[in-house]
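Below: one structure, written as structure tokens.
Since every read-out is calculated from the coordinates, none of them should be taken as a lab result. Given the structure is predicted, the values throughout are model-derived calculations rather than measurements. Every residue, glycine among them, receives a Cβ derived from its backbone with ideal geometry; neighbour counts consider all protein chains shown.
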Amino acid sequence: MWPVRGFMHTMLLAAEEERLAPLVSLEGQSEKPRLCLHVCCGVCASVALERLVGRYDVIAYWYNPNLSPADEYAARLAAARECCDYFGVVLVEGSEDSEAWLEAVKGLEKEPEGGRRCVECFRFRLSAAASWAEGQECRWLATTLTAGPQKDVAVVHELGRQIAEGSGLEWLEETFRKSGGAHRAALLARELGLYRQDYCGCAFSLAEKQARRGR
Ligand code: SF4
């Protein structure tokens, strides 16, 4: 179990305005249950959307203030938009509050990728997605983070369960990289011409990658 830290309260208050935004219209959709899919990038979204759109009324929610620098943020967001357009899914963009994210991971800057900083990074993004989904009458919450080959999906699912439950949502415990999902995401990304990143996303992971390459 991971306790919810105090700063999250501040962040969630900041997200309240977005959460209370008018319901996103999914005109023409059936009676399928509404699911908010937190989207981290276009590549991971591809396989997740391919597996979800027939079963749920999916709204994609972009919330990744961890991404740095700005041109990387823009490239990943553009790829996420292209991918959602391809699957006919609405993508709602959350705020780009990098200061709040830096505060969330304060003191953990030197952690290696896959360490405690990543736990807080997942928590931060999933909490914002849950808070937003709550105001959108979603029943389910899921994340494309489980399509990433390097992500600790046990941590993502444990956090997701806790956070979804706290927001009155159900957590979709689906690991999109399984059953050939990682390979399928790579194929779809190539087919759709999506931008493919080569590091996790934050400035610290970029520095780690550069240090590895410099060795
Ligand atoms: S390495 Fe990736 S998951 Fe970890 S803190 Fe950075 S962006 Fe978040």
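Observations on the structure shown:
- HN-Hα J in Hz across the range 89-105 - Karplus 6.51, -1.76, 1.60, θ = phi - 60°, x for Gly and Pro: 10, 6, 10, 9, 9, x, 6, 10, 8, 5, 5, 5, 5, 4, 5, 5, 10
- One chain, two ends: Thr175 and Arg196. Fully extended at 0.36 nm per residue, the span grows by 5.6 nm beyond their Cα-Cα distance.
- Approximate spin-label separation Arg212-Arg161, in nm, with each point projected 7 Å along Cα-to-Cβ: 2.9
- Normalised contact order of the chain, rounded percent, pairs of Cα under 8 Å and 6 or more residues apart: 29
- The chain: most fluctuating residue of Ala133, Ala147, Ala75 per GNM, C-alpha cutoff 10 Å: Ala75
- The chain - mean residue ellipticity at 222 nm from DSSP helices (-39,500 (n - 2.57) per run, n ≥ 4, rounded to 500): -16000 deg cm²/dmol
- Legend: calculated FRET efficiency, Leu187 to Ala70, from the Cβ-Cβ distance at R0 = 41 Å, rounded to 0.05, equals 0.90.
- Within a Gaussian network of the chain (alpha carbon springs, distance under 10 Å), most fluctuating of Leu102, Leu37, Leu145: Leu102
- Residues of the range 189-215 falling in the label zone of Gln150, defined by backbone nitrogen less than 18 Å from a point 7 Å along Cα to beta-carbon, are 195-215.
- Anchor Lys110: lysines whose Cα lies under 16 Å away (excluding residues fewer than 8 positions away in-chain): Lys209
- Stretching Ala203 away from Asp85 to a fully extended chain increases their span by 39.6 nm, per 0.36 nm per residue minus the current alpha-carbon distance.
- Choice from Glu137, Glu191, Glu109 with maximal GNM fluctuation in the chain (Cα, 10 Å cutoff): Glu191
- Calculated FRET value between Glu31 and Glu103, using beta carbons and R₀ = 35 Å, to 0.05: 0.30
- Under-5 Å amide H pairs with Thr143, H placed in peptide plane, nonlocal only: His38
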